[in-house]
1. Identify the single condition in (1) open to solvent by 80 Å² or more (accessible area, probe 1.4 Å); (2) at pLDDT 95 or above; (3) under 23 Å from residue 71 (Cβ atoms) that residue 2 does not satisfy, given that it satisfies every other one.
2. Would you confirm whether any residue within the stretch 59-72 is out of contact with any strand residue (DSSP E or B) (no Cβ under 6 Å at 6 or more places or on another chain), in a loop (DSSP other than H, G, I, E, B), surrounded by 15 or more Cβ atoms within 10 Å (Cβ to Cβ) and not polar (S, T, N, Q)?
3. Mind checking whether some residue in the stretch 24-32 is in a loop (DSSP other than H, G, I, E, B), open to solvent by 30 Å² or more (accessible area, probe 1.4 Å) and at pLDDT 95 or above?
4. For the stretch 42-58, how many residues meet the condition of being loosely packed, with under 13 Cβ neighbours inside 10 Å, assigned to a loop (DSSP other than H, G, I, E, B) and at negative phi?
5. Only one of (1) within 11 Å of the chain's Cα centre (by Cα); (2) assigned to a loop (DSSP other than H, G, I, E, B); (3) of a type in the set (Lys, Arg) is not met by residue 39, so which one is it?
6. Does residue 15 qualify as being over 12 Å from the mean Cα position of the chain (by Cα), surrounded by fewer than 17 Cβ atoms within 10 Å (Cβ to Cβ) and at positive phi?
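The values are calculated or read from the model by the stated rules, or taken from the named source; none is laboratory data. From a predicted model like this one, the values you see are computed outputs, not experimental measurements. FYI the Cβ positions are ideal-geometry reconstructions off the backbone, even for glycines, and counts take in every protein chain you see. Heads up: the accessible areas ignore ligands, DNA and RNA and are worked out on the full protein's heavy atoms, side chains in. Shrake-Rupley method; radii C 1.70, N 1.55, O 1.52, S 1.80 Å.
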Amino acid sequence: MLFHTRLKELRQQQNLTLRKLGEKAGVSYSILNSIENGRIQPSNDVVIALTIALKIEDKEELLSLARNASEG
């Protein structure tokens, strides 16, 4: 699975808008929008902020997806 696909899935499961997730994670709407649309790859810091905002215990899953995307 691609990082941006998984992120969108997790966000929608929690009924969060991009703006709301951005507020919780401290990431701008435009950056989140670009990440979810697969235009940019997030830094590790952004991935960690998103996992915290989404209350995801397995941070490694998203970090791994983000790393794999940036290597490809």
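1. Single failed check for residue 2: (2).
2. Looking through the stretch 59-72, none of the residues is out of contact with any strand residue (DSSP E or B) (no Cβ under 6 Å at 6 or more places or on another chain), in a loop (DSSP other than H, G, I, E, B), surrounded by 15 or more Cβ atoms within 10 Å (Cβ to Cβ) and not polar (S, T, N, Q).
3. Yes; the residues of the stretch 24-32 include at least one that is in a loop (DSSP other than H, G, I, E, B), open to solvent by 30 Å² or more (accessible area, probe 1.4 Å) and at pLDDT 95 or above.
4. Qualifying residue count for the region: 3.
5. Condition (1) is where residue 39 drops out.
6. Taking the combined requirement at face value, the residue satisfies it.
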